[in-house]
Amino acid sequence: MIMLIRAFPAPLNQLYEWRIGDTITHLDGEPLEDILDLYYYTPEAERTVLTIKRQSGDRERVEMDPEDIVTVTGCFAPMEFKTCAAKCVFCFIDQNPSGMRDQVYVKDEDYRFSFLYGNYITLTSLGKRGLQRIVEQKMSPLFVSVHATDIDVRTRMLGIKRRIDVMDLMRQLGDEGIMLHTQVVLCPGWNDGPVLQQTFDDLLTLATHRDMEQPSGVRSMAIVPVGLSAHREGLTKLDPVTPEIAQAAIDQVHAWQKQAHATLEYNLVYLSDEFYLQAGQPFPPTESYDDFAQVDNAIGLTPRLRETWQEDLQWAVDEGNLPKRPLTVLTSHLAARAWQREFTPVLEAAGAPPVEVIGVENTFYGLSVTVAGLMSGADLRGALLNLPAEPVRDVALSPRVFNSDGLTLDGLTLDDLAAGQPHRVHVGEEEGFIAFWTQLG
């Protein structure tokens with residue numbers, strides 16, 4: 001059933017009178033579990049029938065044009081997460097300080113949100129019904145937290161009692177035409193070395209050739225470093241990824257990419273940008289990231305942005321429309337390193353105005369947390385207040401520090417950050433950074 005939370009928009013509101021407690025139970029006789037069922041069962045016929053159940057138990061049949069289904073979905077209550085029962089030793093949710101918004105502490109393990117938004121799931125709570133529904137409705141691609149294909153290692157890392165063979169589940173999904181993007185959170189001493197080698201070897205057996213008309217099976221393997229905050233009291237002791245470990249991972253993965261490319265014609269396995277920045281190594285060419293399938297996981301984000309900005313700057317030079325104002329960027333220490341090493345030289349070469357890049361310490365999570373997406377509003381506001389009052393600056397913040405509601409991790413808005421200080425504060429852009437900067441005047 002799908003709860004209705006408001007009346008249909010006009011003129012569709014004339015089809016029935018909405019009342020609190022109304023739910024949609026069926027579409028053309030097919031039972032509905034959630035909004036994905038609604039889309040899946042929507043017919044191509046000229047008319048469709050929704051069955052609506054009143055709080056009283058009475059039922060009404062509402063006939064409408066199938067094209068109007070999209071129009072009324074804004075009247076449905078949003079889907080709720082199915083939560084995760086695993087207790088992963090590296091889970092960052094467990095490393096949040098107390099006193100934050102309730103949503104920050106939610107651990108989701110929902111294949112629907114993996115399909116819709118790219119959320120990673122462990123497949124530990126999938127069950128036969130979930131597997132059947134994924135296959136039936138072709139929920140592809142899915143994003144799977146693998147971490148290790150060795151069953152014993154993975155069981156310990158996930159903190160679960162039941163031994164689940166993730167390879168068997170992924171093989172079943174791949175055989176049914178589901179494409180999978182996988183992730184390994186690298187925890188030194190747990191899933192590196194021979195364990196990581198086995199994980200790559202195993203995932204390679206589930207990968208399919210680049211030229212398949214309908215790719216299925218494992219399509220990518222992302223490796224990201226474990227994130228360790230200062231709030232790990234009572235949690236399993238973990239070691240960080242050091243520059244030396246980052247360098248070893250780079251050497252290992254580059255060899256695997258050659259192996260994968262020889263059989264698949266693409267690289268399959270990719271490291272997050274943090275490895276290259278930590279090790280002080282240059283990024284691979286952008287073509288080595290293939291289709292940038294995991295760019296939202298910070299896999300190849302830096303080199304892709306550098307190349308995009310370079311192209312946009314060339315257009316701006318040709319059109320005589322370069323940005324005109326100097327800019328101050330407040331960002332994390334790791335992102336500041338990327339700016340200074342990758343972005344600033346590109347801007348300077350094009351003759352853009354100077355950019356002042358300030359790396360802000362993360363006192364909210366601890367100094368070892370250095371990524372832009374985990375910066376707090378309090379730390380950013382502190383950095384803003386520490387800027388000299390003159391000259392008045394245009395200050396850009398990463399869009400990654402705000403959620404979809406415009407809130408930072410500690411619940412501040414852009415207006416909260418900017419209050420009581422003289423500078424003009426903006427939420428920057430990533431892909432469209434040059435256009436954003438130009439529009440500042």
- line: If the chain between HIS261 and ASP318 were fully extended at 0.36 nm per residue, the gain over the current Cα-Cα distance would be 16.7 nm
message: Going through the cross-link list LYS87/LYS138; LYS138/LYS258; LYS128/LYS161; LYS53/LYS128; LYS128/LYS237, which pairs have a Cα-Cα distance over 23 Å in this structure?
response: LYS87/LYS138; LYS138/LYS258; LYS53/LYS128; LYS128/LYS237
- line: Over the chain, cysteine residues that find no other Cys C-beta under 4.7 Å are CYS75, CYS84, CYS187
query: To the nearest 0.05, how large is the calculated FRET efficiency for GLU60 and ARG163 if R₀ is 51 Å and r is the Cβ-Cβ distance?
result: 0.55
query: Under a 5 Å amide H to amide H cut-off, with H placed in plane at 1.01 Å, what residues pair with GLU109 once short-range neighbours are removed?
result: LYS82, THR83, CYS84
task: Give a quick list of trypsin sites (Lys or Arg not before Pro) in region 193-233 that DSSP marks as loop, anything other than H, G, I, E or B, with at most 16 other Cβ atoms within 10 Å.
output: ARG210, ARG232
- prompt: Taking region 159-202, which trypsin sites (Lys or Arg not before Pro) meet the DSSP loop condition and have no more than 12 other C-beta atoms within 10 Å?
  reply: LYS161, ARG162, ARG163
- prompt: Using modelled amide H (1.01 Å from N, peptide plane; none on Pro or chain starts), what sits under 5 Å from the amide H of ILE121, excluding residues fewer than 5 places away?
  reply: PHE143, VAL144, SER145
- request: Specify, per residue and in Å³, the volume enclosed by the convex hull of the alpha carbon atoms belonging to the chain.
  value: 195 Å³
task: Amide H neighbours of ARG219 under 5 Å, at least 5 residues apart or on other chains, H built in the peptide plane: list them.
output: LEU180, HIS181, THR182
query: If you plug each phi of region 83-98 into the Karplus form 6.51 cos²θ - 1.76 cosθ + 1.60 with θ = phi - 60°, what whole-Hz ³J(HN,Hα) values come out, in order, with x for Gly and Pro?
result: 7, 8, 9, 6, 10, 4, 5, 9, 4, 6, 4, 5, 9, 6, x, 6
task: When you have a sec, figure out the Kirkwood radius of region 1-99 from all distinct Cα pair distances and drop it here in Å to one decimal?
output: 15.3 Å
message: With 10 angstrom as the radius, rank SER98, SER288 by how many other C-beta atoms surround their C-beta, starting from the fewest.
response: SER98, SER288
- line: Applied in sequence order to region 23-30, the curve 6.51 cos²θ - 1.76 cosθ + 1.60 (Karplus, θ = phi - 60°) yields integer Hz couplings, x standing for Gly and Pro, of 9, 8, 9, 9, 10, 6, x, 8
statement: Ranked from fewest to most other Cβ atoms within 10 Å of their own Cβ, LYS237, LYS87 fall in the order LYS237, LYS87
field: Ranked list, fewest to most other Cβ atoms within 10 Å of each Cβ, for LEU36, LEU196
entry: LEU36, LEU196
- prompt: In units of 2.2 N^0.38 Å, what is the alpha-carbon radius of gyration of region 287-441?
  reply: 1.04
statement: Given a Förster distance of 51 Å, the FRET efficiency implied by the Cβ-Cβ spacing of GLU213 and LEU385, rounded to the nearest 0.05, works out to 0.35
- line: So the FRET efficiency between LEU36 and VAL427, C-beta based with R0 = 35 Å and rounded to 0.05, is 0.65
field: Residues of region 75-90 with amide N under 13 Å of a point placed 7 Å along Cα→Cβ from ARG156
entry: 89
- line: Against the 2.2 N^0.38 Å rule of thumb, the C-alpha Rg of region 54-206 sits at a ratio of 1.27
query: So for the chain: antiparallel DSSP bridges make up what percent, rounded to the nearest 5?
result: 35 percent
- line: GluC sites (Glu not before Pro) in region 310-402 lying in a DSSP loop, each with at most 11 other Cβ atoms within 10 Å of its Cβ, come to GLU319
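Taken together, the values in this text are just the output of simple stated rules run on the coordinates, not laboratory data. From a predicted model like this one, the values you see are computed outputs, not experimental measurements. Because the Cβ atoms are built from the backbone with ideal geometry, glycine has one as well, and the counts that use them run over all protein chains shown.
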